[in-house]
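Asker: So that we are looking at the same thing, I have put the structure below in structure tokens.
We did not get these values from a lab; they are worked out from the coordinates using the rules stated. Owing to the predicted nature of the structure, the values given are computational and were not obtained by experimental measurement. Counting neighbours? That spans all protein chains shown, and the Cβs are built from the backbone with ideal geometry, glycine included.
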4 protein chains.
Amino acid sequence: MGKIKRIGVMTSGGDSPGMNAAIRSVVRACAYYRAECIGIYRGYQGLIEGDFVSLTARSVNNIINKGGTILKSARSDEFRTKEGRKKAHENLVEHELHALVVIGGDGSFTGGVIFNKEFKFPIIGIPGTIDNDIFGTSHTLGYDTALNTAVEAIDKIRDTASSHNRLFFVEVMGRDAGFIALNAGVGAGAEEILIPEEDLGLKRMLESLKKSRRAGKSSSIVVVAEGDKSGKNVYELAQYVEENLPEYEVRVSVLGHMQRGGAPSCFDRVLASRLGVKAVELLLDNETNLMVGLKNNEVITTSLEEAIKGGHAINMELLRVSDIMTT
Amino acid sequence: MGKIKRIGVMTSGGDSPGMNAAIRSVVRACAYYRAECIGIYRGYQGLIEGDFVSLTARSVNNIINKGGTILKSARSDEFRTKEGRKKAHENLVEHELHALVVIGGDGSFTGGVIFNKEFKFPIIGIPGTIDNDIFGTSHTLGYDTALNTAVEAIDKIRDTASSHNRLFFVEVMGRDAGFIALNAGVGAGAEEILIPEEDLGLKRMLESLKKSRRAGKSSSIVVVAEGDKSGKNVYELAQYVEENLPEYEVRVSVLGHMQRGGAPSCFDRVLASRLGVKAVELLLDNETNLMVGLKNNEVITTSLEEAIKGGHAINMELLRVSDIMTT
Amino acid sequence: MGKIKRIGVMTSGGDSPGMNAAIRSVVRACAYYRAECIGIYRGYQGLIEGDFVSLTARSVNNIINKGGTILKSARSDEFRTKEGRKKAHENLVEHELHALVVIGGDGSFTGGVIFNKEFKFPIIGIPGTIDNDIFGTSHTLGYDTALNTAVEAIDKIRDTASSHNRLFFVEVMGRDAGFIALNAGVGAGAEEILIPEEDLGLKRMLESLKKSRRAGKSSSIVVVAEGDKSGKNVYELAQYVEENLPEYEVRVSVLGHMQRGGAPSCFDRVLASRLGVKAVELLLDNETNLMVGLKNNEVITTSLEEAIKGGHAINMELLRVSDIMTT
Amino acid sequence: MGKIKRIGVMTSGGDSPGMNAAIRSVVRACAYYRAECIGIYRGYQGLIEGDFVSLTARSVNNIINKGGTILKSARSDEFRTKEGRKKAHENLVEHELHALVVIGGDGSFTGGVIFNKEFKFPIIGIPGTIDNDIFGTSHTLGYDTALNTAVEAIDKIRDTASSHNRLFFVEVMGRDAGFIALNAGVGAGAEEILIPEEDLGLKRMLESLKKSRRAGKSSSIVVVAEGDKSGKNVYELAQYVEENLPEYEVRVSVLGHMQRGGAPSCFDRVLASRLGVKAVELLLDNETNLMVGLKNNEVITTSLEEAIKGGHAINMELLRVSDIMTT
């Protein structure tokens, strides 16, 4: 492998707060180490189409606090084909790019691993997704911000819930992982939290809601992850409770895409800055196929393949804490 | 009419940010003028049930910045019956209450007018609803806060919309009135705003979205009021556009009840403080059947009957501004 | 006066939230009416230096929610000289600019009036300053946002004040005008408000603080405008109280420049959008020397000369409300 | 040691966001395990004065999201005397309290250690301070919230800094520890960060600011910790730079006490919930003299004595990242 002099950076998959801070960090680290940095628009699709832009330290002024991604993101069916990946590689060769930093989730990393196998092209991954469902890091970029967004929204909903003695079902994001639901649920003081990892059973929920009312609570919030195991979606859950607990006036709120946006929290900005620097330093040290992540407040690396395969187990202690909090 | 020495205060109908600030103002104004103040829980229902609490100046410490209402709110079917209102009046007589401040919307004021007719009981109304659909005031309590809440949420959605070149339909509150949709739409820089007052037609919307894309906009936000005139709800609208403009990737977000909660804006806190004082002063001056409101930054009064009947016309100039902004 | 085909826009004086929204509105209104729009950097200084940029409808995407001003702002001593203004005019002629929209405060308008007298150059002013000290408009751009920023900061300070039973002196902006202090003070539930318009006297403040403690309040907030009439600055005031009321533990917080920044409120964004359109329409109608403003929720115009001369009287009713609220 | 049936909880020292969430957690955990919970007002001073309140699970409804502390906090000189501590112990015996949870910083823990030595009274500490300067936990309660508060304020200041091409010195809290300055500085994209742990030298700062301007940055933010090693306070620093770099227009902003208040972040609420449960469980298991904390996202314990003695080293990698970011 020759010397790395020109590094590409892209954001791929669903966007998350902190992606811009990570782009800024990659660009500034390149400038610091006197490597060139090329931005690739719309993830792998832009790679295939050669949609590139040269980035200097000044190109990324005043983006550390912006949600979304200045490089845009997209899904690319074409990159799933051998033909598409070949075009992508030709563009990289033509533009004399020597390595790639991919900011995204496990779908994006899977694409990177295949691409690296086929073309021996150096790739480092930075975990960017609000779902926190990636092995090899305690926190993904955007997760902390999404938690604050969810909790602030639920705080507002609680104002009206408690004014009207109502029961609210609030759906938060996290299709296969209950991290947001569990943490935002505890943070918002939810009476009940339904997550995909745990099948608590609908009867148990009814019991818990009855208990909560007996305990003198006049309003309640149930936080539900998108893909919870009950098999019912949030509207069906609400109907089920209304039918079985007619004393409750039930309302539903789906927080939706606002959880993906907004100015990143300080935590996500600092994390993005640290991971971006490490990603560039690894490439300059001729490392490849690694994901940078955080563990015990230290920056660590994991092989991309492990990061894809490994799950990120939910914290069972926190479920127990949640239970105790709803006494 | 004898001297007013004991004044009741209640919140009724849907809650809105600033209701607590108004309660505080009524309570403190009573204390200032050496009248007693009695809080009535859960609106007219609490009046019927005699669910009262004595409030002193210190009872309302640190509530000016809280969403919701410490007196709770509820709908009361019983108050729609002569029997219910009779019970309510008996409670007022028994507790020696001489007048009532009702913080709520036009439904609450209608109840107040009927009650006053039947029992000659002095009532002053304070307009509290996020919808701004009440005649006799330029701003209802909570409207300004709800606008900021909506705009901040749409700002977040725009982050993700522009990162993915998507079209978002965002539904905001306001069942019969497009105030929130029109103002939050302009404030959030929406490409299109659909409100109940205007039937712009679905074809016009399609044309506008096509124009917007031709003009080089890669992402778009359409703000839709709950009860817009198209007759389609926001999910049907989204589907309609997806079918007719397949180049768009469409998403829906319903902001929902979070718009009712949250710490009130400075504007709503100041408005609540001014209206609460005026309501008490009017009662002490033996005035009744009036709503206090704001016009040209002055506190004014309108008869409750007018306030109920009159509509609050949408600002057509703002529709035109919105049109120009989407050039 | 010939036909207006090319309009310049600048921001001048201290920046305020909503200036970007106003720039966007001017640019989009020009595009709508098929006039060209030229941005002038750093106010009058950029005019003198010919620091211009062509602005299209797309140049102002995604700035409606940004604080500060993309055109930057500066003070210009050179523009106070005849020589400087001559250079400015030469640049305007050379670049074939036919009219100017100046977003700023009364200092900026004064420069505009002089310039218009000397060169008959059409100018419309948009009031942009957080201080709300301009005649001819109920609200200046940025004022509403600054109030919310101040109130949110004071809410945080109250948390710690009431946890420690402390007295806080909080200084807010507004050198010659007490608008921010009076409204943010009422909005934050301050026990005392000191503004330049009113010399309440230091003894009266001591009495009021003593009364407040006797009334059972264990913590207190005093909001002070930068230029209050007591002649003492906020640190001296704090010391004065500590010496005279030793039972109080006193702290000072100066909110400072954060009050000038941040995403504009919905109100300021809508106001900016309306005023920008009107400014362009006036110029295209060959009007000049006017300031656009808001009165009774309608867009109105005032001659620039009046706008400069006239003051904007403080709302004495609000002082009275503040007094009642601290019962 | 007998069975623990009645547990006291207090907040002591400077307040921090999350203290209420921790109180709630202690109270609810007591209820869950069927122990009584007694709140002690104003820390050790309230212990001496017997200022106690009985707390049930319902007493702590809706406080998880509130800044400050419902139990108030205070410094107590009397508790530093043997006499004072004796009174405190007598109150505990009289009210049949068997153990104490102290939420506070190292000063509060020192008092606890002495008290435990003298009276063998079981004590568990929960680290609550925004400064993050306590050994035995990666995060103290309130630190994450304070970072977000600081970063949001600096974001606002940057709006006005970049509109006017100014240099701002922003002082953040953290008298002996630079955690807030270092992390908020990186998070806010500061050009320079001055912390007590590092004496970078004033000349180095001047060089760095010159470099930054040469690199094309027209505005700059320098974040300064209260107690930075330069020996100059933030106003002197600003003056020093103005004298040596006259091309800069310099401004100062001291963020001050607002950093201690506000609704806690989701992180701080979850941390508080976890630590409160653990504290109660430890006491019920007859453990004492421990501080609960977080390490690698697990709840751990440290002896109070170690927690007091040990420092919490600043992350030097982050200083390096900060350096690279200002390229």
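Asker: What's the long-distance tail for segment C:76-124, i.e. % of Cα pairs beyond 15 Å?
Answerer: Working: 473 of 1176 pairs.
So the portion of pairs separated by more than 15 Å is 40 percent.
Asker: Further question: Considering just Cα atoms, how many Å³ per residue does the convex hull of segment C:257-311 enclose?
Answerer: On the way: hull volume 6.2 nm³, N = 55.
Convex hull of Cα atoms, per residue: 113 Å³.
Asker: For D:Lys117, which aspartates and glutamates qualify as cross-link partners when the Cα separation must be under 18 Å and same-chain residues fewer than eight apart are set aside?
Answerer: Leaving aside aspartates and glutamates fewer than 8 places away in the same chain, those within reach of D:Lys117 are D:Glu78, D:Glu83, D:Glu90, D:Asp106, D:Glu287, D:Glu305, D:Glu306.
Asker: Across 5 Å bins from the origin, how do the percents of Cα pairs in segment A:32-112 run, short distances first?
Answerer: Computed distribution, short to long bins: 3, 13, 24, 25, 18, 11, 4, 1.
Asker: Given just the C-alpha atoms of chain C, how large is their convex hull per residue in cubic angstrom?
Answerer: Convex hull volume per residue, Cα atoms: 120 Å³.
Asker: Give or take rounding to whole Å, what are the principal axis extents of the alpha carbon atoms in segment D:180-327, in descending order?
Answerer: The principal-axis extents, from largest down, are 64, 30, 28 Å.
Asker: With just the Cα atoms of segment C:144-260, tell me how far they stretch along each of the three principal axes, in Å, largest first.
Answerer: For segment C:144-260, the Cα spread along each principal axis is 35, 29, 21 Å.
Asker: Counting Lys and Arg as +1 and Asp and Glu as -1, each charge on the Cβ, what is the dipole of segment D:144-260 about the Cα centre in debye, to the nearest 20?
Answerer: Working: 15 positive and 19 negative charges, 70 e Å.
Dipole magnitude for segment D:144-260 comes out near 340 debye.
Asker: Report, in degrees rounded to the nearest 10, the 0 to 90 angle that the Cα long axis of helix D:143-164 makes with the longest principal axis of chain D.
Answerer: 20 degrees
Asker: Sticking with this structure for a sec: For chain C, with the dipole built from +1 on Lys and Arg beta-carbon atoms and -1 on Asp and Glu ones, taken about the Cα centre, which of C:Gln45, C:Pro122, C:Met291 lies farthest toward the positive end?
Answerer: Final value for the positive-end residue is C:Pro122.
Asker: Here is a further query. With axes computed from alpha carbons, what is the tilt in degrees of helix A:82-94 against the longest principal axis of chain A, rounded to the nearest 10 within 0 to 90?
Answerer: Approximately 50 degrees, to the nearest ten.
Asker: While we're here: Local charge sum around D:Phe119 (other residues, Cβ-Cβ under 12 Å, Lys/Arg +1, Asp/Glu -1)? Before the final figure, lay out the partial values.
Answerer: On the way: positive: D:Lys82, D:Arg85, D:Lys86, D:Lys87, D:Lys117, D:Lys120; negative: D:Glu90, D:Glu118.
My count for the surroundings of D:Phe119 gives +4.
Asker: Only Lys, Arg, Asp and Glu count, each charged at its Cβ (+1, +1, -1, -1), so figure out the dipole size of chain D about its Cα centre, rounded to 20 debye.
Answerer: Numbers: 39 positive and 42 negative charges, 147 e Å.
Roughly 700 debye for chain D.
Asker: Take the alpha-carbon centre of segment C:124-156, take the same for segment B:72-108, and report the distance between them in whole Å.
Answerer: Answer, in whole Å: 40.
Asker: Could I ask something else about it? Lys/Arg Cβ at +1, Asp/Glu Cβ at -1, dipole of chain C taken about the Cα centre: which of C:Ser12, C:Ser212, C:Val26 is farthest positive-ward?
Answerer: Comparing the listed Cα positions along the dipole, C:Val26 ranks first.
Asker: In debye, nearest 20: dipole of the protein assembly as shown around its Cα centre with unit charges on the Cβ of K, R (+) and D, E (-)? Numbers along the way, then the final one.
Answerer: Values: 156 positive and 168 negative charges, 0 e Å.
Its charge dipole is roughly 0 debye.
Asker: Which of B:Glu287, B:Glu242, B:Glu317 moves the most in a Gaussian network model of chain B with Cα springs under 10 Å?
Answerer: Top of the fluctuation ranking is B:Glu317.
Asker: On to the next question. Grab the other residues whose beta carbon is less than 11 angstrom from that of A:Ser59, score K and R as +1, D and E as -1, and report the net.
Answerer: Surrounding charge for A:Ser59 is +3.
Asker: So which trypsin sites (Lys or Arg not before Pro) in segment C:1-107 are both in a DSSP loop and have at most 11 other Cβ atoms within 10 Å of their Cβ?
Answerer: Details: sites: C:Lys3, C:Lys5, C:Arg6, C:Arg24, C:Arg28, C:Arg34, C:Arg42, C:Arg58, C:Lys66, C:Lys72, C:Arg75, C:Arg80, C:Lys82, C:Arg85, C:Lys86, C:Lys87; in loops: C:Lys3, C:Lys5, C:Arg34, C:Arg42, C:Lys66, C:Lys72, C:Arg75.
Answer in residue order: C:Lys3, C:Arg34.
Asker: Separation of segment D:1-42 and segment C:109-123 by C-alpha centroid, Å?
Answerer: Going from one Cα centre to the other spans 68 Å.
Asker: For a footprinting-style exposure proxy, rank D:Val26, C:Val299, D:Val270 by other Cβ within 10 Å, fewest first. Write out the running numbers ahead of the final one.
Answerer: Numbers: D:Val26 31, C:Val299 18, D:Val270 28.
The most exposed by this proxy come first: C:Val299, D:Val270, D:Val26.
Asker: Of the residues A:Ile130, A:Ile300, A:Ile221, which exhibits the maximal mean-square fluctuation in a Gaussian network model of chain A defined by a 10 Å Cα contact cut-off?
Answerer: Taking springs between Cα atoms under 10 Å, the residue moving most is A:Ile300.
Asker: Among bridges DSSP assigns within chain A, what percent are antiparallel (round to 5)? Could the numbers behind the result be given before it?
Answerer: On the way: 10 of 42 bridges.
Around 25 percent of the beta bridges assigned by DSSP in chain A are antiparallel ones.
Asker: Can I ask one more? I want to check the label-to-label distance for D:Arg320 and D:Glu236. Put each point 7 Å from Cα in the C-beta direction and report it in nm to one decimal.
Answerer: Each label point is offset 7 Å from its Cα along the Cβ direction, giving 3.3 nm.
Asker: Right, something else. When we measure straight from the Cα of D:Lys203, which lysines land under 20 angstrom away, once same-chain ones fewer than 8 places off are left out?
Answerer: Cross-link targets: D:Lys211, D:Lys217, D:Lys229, D:Lys232.
Asker: Another question, then. Send over the semi-axes of the protein assembly as shown's equivalent ellipsoid, whole angstrom and largest first, taken as the square roots of 5 times the C-alpha gyration tensor eigenvalues. Before the final figure, lay out each step's value.
Answerer: Details: eigenvalues 373, 330, 221 Å².
After diagonalising the Cα gyration tensor, the semi-axes are 43, 41, 33 Å.
Asker: Compute the helix-to-body angle for B:316-325: its Cα long axis versus the longest principal axis of chain B, expressed 0 to 90° and rounded to tens.
Answerer: Compared with the principal axis, the helix lies near 30 degrees.
Asker: Now for a different question. For segment A:77-199, state what percent of all Cα-Cα pairs lands in each successive 5 Å bin, counting from 0 Å until the bin that includes the largest distance.
Answerer: Going out from 0 Å in 5 Å bins, segment A:77-199 shows 2, 10, 16, 15, 12, 10, 9, 8, 7, 5, 3, 2, 0 percent.
Asker: Taking only DSSP H segments of four or more residues, each worth -39500 (n - 2.57), what value at 222 nm results for chain D once the sum is divided by all its residues, to the nearest 500 deg cm²/dmol?
Answerer: That calculation yields -13500 deg cm²/dmol at 222 nm.
Asker: Residue by residue, what Karplus-based ³J(HN,Hα) values in Hz, rounded to whole numbers, does segment D:95-109 have, using 6.51, -1.76 and 1.60 with θ = phi - 60° and x for Gly and Pro?
Answerer: Working through the residues one at a time gives 8, 6, 7, 10, 6, 9, 10, 10, 9, x, x, 6, x, 5, 5 Hz.
Asker: Can you list, by residue number, the Cys in the protein assembly as shown that have no neighbouring cysteine C-beta under 4.7 Å?
Answerer: A:Cys266, B:Cys266, C:Cys266, D:Cys266
Asker: Let me ask something additional. Evaluate the Debye formula for segment D:190-237 with equal point scatterers sitting on the alpha carbons, no solvent, and hand back log10 of I(q)/I(0) at q = 0.17 Å⁻¹, in q order, two decimals.
Answerer: -0.48
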